[in-house]
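Chemist: Supplied in structure tokens, the structure appears directly below.
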Amino acid sequence: MPRSPTLLLAALLLAPTSAVRVAAAAEPVLVEFHFTPVKNAQIAIWLEDAKGNYVRDVMVTQAVGKYGIGNRPGIWNFLSSWRAPYGPRVSVLPVWAHRRGKTYPKIILHDEDPGDLDSLGFHENTSSDEPYFCRPLSPSEHETVAVDTMTCPSPKVFNSDKGQFDPEGDISWYPPRNDILAFDPALDAEETQTYATLNDLDAVTAATPPGDQAAFVTVLVPPEAMAGAPLTAYLEIGVEADENSAFSFDRDADHYVDPDLSAYGVEYLGQPSVVYAVPFDPFTQGFRGTVDYAGYADWDGATGALHPPDPTISAADGSGADRLKLMSKNGETFRWGVYSHGGPGEGGTTGDGGSGSDSGESDGPDGTTGGDPGDGWGSCAQVHALAPIEDLALVGESFDRVQVSFRLPPPADPTIALKEVHVFSIASNAPLTEELLGAAHQSTFSAAELGRTEGLVSVEVGELWADYTYQFAVRHEDACTNRSPLVTADITTEAQKFQTVDTFCFLATAAWGAPWAAQVAALRAFRDDFLKASPTGVDLVRFYYAHSPPLARVIAREPLLRGLARVVLQPVADAAALATSR
């Protein structure tokens with residue numbers, strides 16, 4: 001039955017204030033998020049409404065959002081290492097993952113050999129080229145490579161199992177990776193071609209913050225997302241191997257160690273992820289922040305439960321709740337802070353830049369505090385188109401690093417600060433377009449890191465593959481979320497001059513599925529130390545090179561033959577290891 005004008009007016013007058021403001025608002029509201037994370041953290045930021053319903057994602061780091069570490073093949077407690085390819089990290093950000101309410105097909109190993117389902121390394125001969133992840137590293141390599149050089153050893157000899165959907169129909173709360181551009185029908189499952197479509201996080205995936213530096217994330221919250229205002233801004237942060245007395249784990253006892261590759265991988269279990277929460281009214285201009293965390297997740301990511309703070313979580317030295325460092329900005333001290341530019345009439349994105357008022361200047365709930373809107377957080381009264389960067393040039397500094405130089409144009413509005421520059425890179429011969437950004441690796445450099453807001457700038461992008469053609473794209477973004485168009489260029493990295501692994505041991509590599517396996521390494525050392533030292537040994541090596549590859553290809557495709565080859569070659573490998581031991 002149609003309602004009378006009088007009843008409609010009464011309903012409007014009795015409606016919640018936020019609903020009236022949403023009806024009146026025709027523009028989104030700019031909201032800023034401020035925090036200082038430790039290094040090597042995985043982070044998710046999202047919004048919930050006043051009833052605790054998930055509203056929208058704001059940001060998730062690219063290891064989870066792009067490379068799918070929460071939903072990839074292998075056993076969940078496989079040992080880790082720098083860019084480890086296997087073992088889903090279901091405990092990485094479980095509160096965020098479950099509260100989104102979105103599920104995906106669970107990814108399991110595509111390797112057809114049941115005996116390889118608990119293996120770190122017997123997948124290479126039945127797998128396609130790997131565009132991002134590295135072969136597992138030993139603890140000593142992990143310290144050298146992951147900490148010192150931040151690069152992968154032997155990048156052109158590692159293939160990885162991209163997985164397949166679980167035929168039993170099991171699900172994951174995390175999306176699969178979306179960076180796979182090539183498909184090999186002989187080696188990959190058909191469903192790998194759908195991973196990018198299933199992954200719905202392109203728009204919010206961002207580079208991992210460098211750590212120990214102030215981070216600054218912005219989002220335009222649309223009117224429909226504010227229907228349940230006030231909102232709560234959540235941040236979940238996880239760090240591998242962050243142990244303490246309450247969450248202490250052992251490499252061998254608490255992780256799965258591949259008995260055939262026991263020297264590879266490092267432990268990763270530790271304290272669970274912790275969550276920070278700040279309630280705020282997006283329509284009201286002002287700041288709210290907190291120094292206290294709201295709770296922590298299950299240590300194993302089994303559910304999306306948020307456990308209340310307790311003494312089992314560390315609170316110092318960058319551990320536990322101290323993964324977000326105390327910071328000060330504009331007179332506020334906090335670990336997790338939210339500043340809203342306010343709605344119409346509040347000096348926000350659709351207002352006139354006025355000072356507005358803040359209804360939360362006193363202490364808020366859960367230890368949050370409110371700030372004065374006129375204290376220097378900035379204004380976004382108008383939207384300006386940003387000019388593209390100019391004079392983009394790429395120079396190879398080493399096999400895995402490229403210097404990216406460009407000129408930042410003068411700002412369209414000097415009152416709006418430069419926020420950051422995004423540099424995207426992807427190993428491909430096709431130019432990098434907006435459509436391919438979801439698959440590209442993202443490096444972000446803040447205005448503070450750049451040291452200037454206009455003129456000539458140079459940054460370094462590392463962690464690249466040797467001897468690959470890379471497409472680069474660069475754009476900049478201001479504090480009001482305005483972005484410039486992409487500017488692109490390409491470069492081919494130089495060949496790697498060290499840490500290479502040749503393919504001499506064809507049969508052994510086929511048998512053990514990895515040129516870096518201990519048995520293969522022993523046979524290779526025996527060749528170099530003994531066979532190459534005599535004319536007869538050189539002749540044997542030449543004969544082996546000429547006749548073993550066809551047999552190796554047959555063995556690599558047949559699980560039974562691979563197993564038999566291991567049985568036959570193991571005594572030879574043991575003897576070689578004994579002969580070459582120092």
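The values are calculated or read from the model by the stated rules, or taken from the named source; none is laboratory data. Note that the coordinates shown come from a computational prediction; the quantities given were computed from them, not determined experimentally. Please note: Cβ atoms are built from the backbone with ideal geometry, for glycine as well, and neighbour counts cover all protein chains shown.
Chemist: Scan the strands (runs of 3 or more DSSP E) fully inside the stretch 422-493 and keep the ones with 1 or more residues being of a type in the set (Phe, Trp, Tyr) and touching a Ser or Thr at 6+ places or on another chain (Cβ under 6 Å).
Modeler: Working: elements: 441-446, 455-461, 469-478, 487-492.
Per the criteria, 469-478.
Chemist: Return yes when ARG177 is touching a residue at least 60 places away in the same chain (Cβ under 8 Å), assigned by TED's automatic domain parsing to the domain that holds ARG335 and touching an Asp or Glu at 6+ places or on another chain (Cβ under 7 Å) and no when it is not.
Modeler: no
Chemist: Which members of the stretch 404-431 meet the condition of being among the hydrophobic types (A, V, I, L, M, F, W, C) and either closer than 18 Å to CYS480 by Cβ or touching a Leu at 6+ places or on another chain (Cβ under 7 Å) (or both)?
Modeler: Those that are among the hydrophobic types (A, V, I, L, M, F, W, C) and either closer than 18 Å to CYS480 by Cβ or touching a Leu at 6+ places or on another chain (Cβ under 7 Å) (or both): VAL404, PHE406, LEU408, ALA412, ILE416, ALA417, LEU418, VAL421, PHE424, ILE426.
Chemist: Given GLU243, GLU190, which one is out of contact with any Lys or Arg (no Cβ under 7 Å at 6 or more places or on another chain), assigned by TED's automatic domain parsing to the domain that holds ALA294, more than 23 Å from THR36 (Cβ to Cβ) and free of Cβ contacts under 8 Å to residues at least 40 places away in the same chain?
Modeler: Residue meeting the stated conditions: GLU190.
Chemist: Of all residues being within 22 Å of the chain's Cα centre (by Cα) and in a loop (DSSP other than H, G, I, E, B) in the stretch 293-311, which is nearest to ALA277 (Cα to Cα)? Just the residue, please.
Modeler: Within the stretch 293-311, the subset within 22 Å of the chain's Cα centre (by Cα) is 296-304.
The next check asks that each one be in a loop (DSSP other than H, G, I, E, B); those that pass are 297-304.
On the way: ALA297: 14, ASP298: 17, TRP299: 19, ASP300: 22, GLY301: 19, ALA302: 21, THR303: 19, GLY304: 15 Å.
Top of the filtered list is ALA297.
Chemist: Looking for something more than 20 Å from GLY70 (Cα to Cα), in contact with a Leu (Cβ under 6 Å, 6 or more places away or on another chain), modelled with pLDDT under 95 and in the same structural domain as HIS142 (by TED's automatic domain parsing) - is there at least one such residue anywhere in the stretch 247-260?
Modeler: Scanning the stretch 247-260, I find at least one residue that is more than 20 Å from GLY70 (Cα to Cα), in contact with a Leu (Cβ under 6 Å, 6 or more places away or on another chain), modelled with pLDDT under 95 and in the same structural domain as HIS142 (by TED's automatic domain parsing), so the answer is yes.
Chemist: Restricting the search to the stretch 26-82, which residues are within 23 Å of TYR268 (Cα to Cα), among the basic types (Lys, Arg) and over 10 Å from the mean Cα position of the chain (by Cα)?
Modeler: Result: LYS39, ARG72.
Chemist: Looking only at the stretch 396-435, how many residues end up being without any contact (Cβ under 8 Å) to a residue 24 or more places away in the chain and not acidic (Asp, Glu)?
Modeler: Number of matching residues: 1.
Chemist: Here is a list: ALA24, ALA44. Which entry is in the same structural domain as ALA227 (by TED's automatic domain parsing) and either at pLDDT 95 or above or crowded, with 22+ Cβ neighbours inside 10 Å (or both)?
Modeler: Just a single option satisfies the conditions, and that option is ALA44.
Chemist: Further question on the same structure: Is there any pair linking a residue in the stretch 216-236 that is under 25 Å from THR444 (Cα atoms) to one that is surrounded by 20 or more Cβ atoms within 10 Å (Cβ to Cβ) and of a type in the set (D, E, K, R), with Cβ under 6 Å and at least six apart or on different chains, and which?
Modeler: THR218/GLU32
Chemist: Quick check, is GLY289 assigned to a loop (DSSP other than H, G, I, E, B) and either farther than 30 Å from GLU27 by Cα or out of contact with any helix residue (DSSP H, G or I) (no Cβ under 7 Å at 6 or more places or on another chain) (or both)?
Modeler: Answer is no for this residue.
Chemist: I'd like the full set of residues that are more than 22 Å from ASP179 (Cβ to Cβ) and either acidic (Asp, Glu) or in contact (Cβ under 8 Å) with a residue 60 or more places away in the chain (or both), limited to the stretch 122-148. Talk me through it step by step, then tell me what you get.
Modeler: Step one: list which residues in the stretch 122-148 are more than 22 Å from ASP179 (Cβ to Cβ), which gives 122, 125, 138-144, 147-148.
Of everything in the stretch 122-148, those that are more than 22 Å from ASP179 (Cβ to Cβ) and either acidic (Asp, Glu) or in contact (Cβ under 8 Å) with a residue 60 or more places away in the chain (or both) turn out to be PHE122, ASN125, SER138, PRO139, GLU141, HIS142, GLU143, ASP148.
Chemist: What tally of residues in the stretch 29-45 results from selecting those that are of a type in the set (D, E, K, R) and under 12 Å from PRO282 (Cβ atoms)?
Modeler: The initial filter retains those residues of the stretch 29-45 that are of a type in the set (D, E, K, R), namely 32, 39.
Now restrict to residues that are under 12 Å from PRO282 (Cβ atoms): 32.
Matching residues across the stretch 29-45 total 1.
Chemist: Restricting attention to the stretch 224-259, report how many residues are outside any loop (DSSP other than H, G, I, E, B), in contact with an Asp or Glu (Cβ under 9 Å, 6 or more places away or on another chain) and closer than 30 Å to LYS51 by Cα.
Modeler: Here the count works out to 6.
Chemist: Within the stretch 246-264, which residues are free of Cβ contacts under 8 Å to residues at least 40 places away in the same chain and either among the β-branched types (Val, Ile, Thr) or touching a His at 6+ places or on another chain (Cβ under 9 Å) (or both)?
Modeler: Listed by number, the list holds a single entry, PHE249.
Chemist: Only residues that are within 23 Å of the chain's Cα centre (by Cα) and surrounded by fewer than 17 Cβ atoms within 10 Å (Cβ to Cβ): list them for the stretch 317-343, please.
Modeler: Across the stretch 317-343, the qualifying residue is only LYS325.
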